[in-house]
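Down below is the structure, laid out as structure tokens.
The values are calculated or read from the model by the stated rules, or taken from the named source; none is laboratory data. Only a predicted model underlies this, so the values are computations on that prediction, with no experimental measurement involved. Neighbour counts are summed over all protein chains in view; Cβ atoms, including those assigned to glycine, are modelled from backbone coordinates with ideal geometry. The accessibility values were calculated without ligands, DNA or RNA, using every heavy atom of the protein model including side chains. Shrake-Rupley method; radii C 1.70, N 1.55, O 1.52, S 1.80 Å.
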Amino acid sequence: MAIKIEQVAGLNVPESFIDVIINAVTKQDESIGNASELTISFRDKDYSAAAGGFHPVEVRLEKRGIVWMLVYITDFSYQGRTDSELVKEIDVCFVIKRVYHMLVGWLSEREGKELLTLFVTNFVEYYNTGCYQVTITTE
């Protein structure tokens, strides 16, 4: 299944990121079917609060006509000393074109674009090491 992802004006991601998403979806072609919404989860099976590792990342796509649109990208991390839990560390919302970081809240447009570029570039590099197991949930 070939998919086309349309960039969100004002909050573009590098083509290398789009390639990662297309690759992940293409590898799971049979499970996509006639879905109109995809949630792609990237997990490092060794990531834990004690040992660290690569943060889990989730990407949401929605189909609009013949193209797919990015809805959000969320990076999770363990937080807390005794009873650590996974929380959103970075949340990119393409619907409102804003970027959130848990330590400072919603970022300015410039800061949001800078964090998005850094985060996505690093994510692609991590993905290319083969550290993630990928699952896709359809709706």
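In the stretch 1-106, the portion of solvent-accessible area held by carbon and sulfur atoms comes to 50 percent [1.4 Å probe, whole percent, DNA, RNA and ligands not counted].
Packing here is the average count of other Cβ atoms within 10 Å per residue, and on that basis the peptides 125-131, 102-108, 56-62, 73-79, highest first, run 56-62, 73-79, 125-131, 102-108.
Expressed per residue, the C-alpha convex hull volume of the stretch 67-126 stands at 106 Å³. Considered as an equivalent ellipsoid built on the Cα gyration tensor, the chain has semi-axes of 24, 20, 13 Å, the largest given first. Taking every DSSP helix (H) stretch of at least 4 residues in the chain, weighting each as -39,500 (n - 2.57) and dividing the sum by the residue count yields a mean residue ellipticity at 222 nm of -8500 deg cm²/dmol.
Could you list, in their original order, any pairs among Lys4/Lys88; Lys4/Lys27; Lys4/Lys97 whose Cα atoms are separated by more than 22 Å? Too far apart for the 22 Å limit: Lys4/Lys88. Within a straight-line Cα-Cα reach of under 14 Å, Lys113 can be paired with the following aspartates and glutamates, leaving aside sequence neighbours fewer than 8 residues apart in one chain: Asp91. Legend: translational diffusion of the stretch 1-51 by Stokes-Einstein, Rh = Kirkwood radius over C-alpha pairs, 20 °C, 1.002 mPa s; D = 163 µm²/s.
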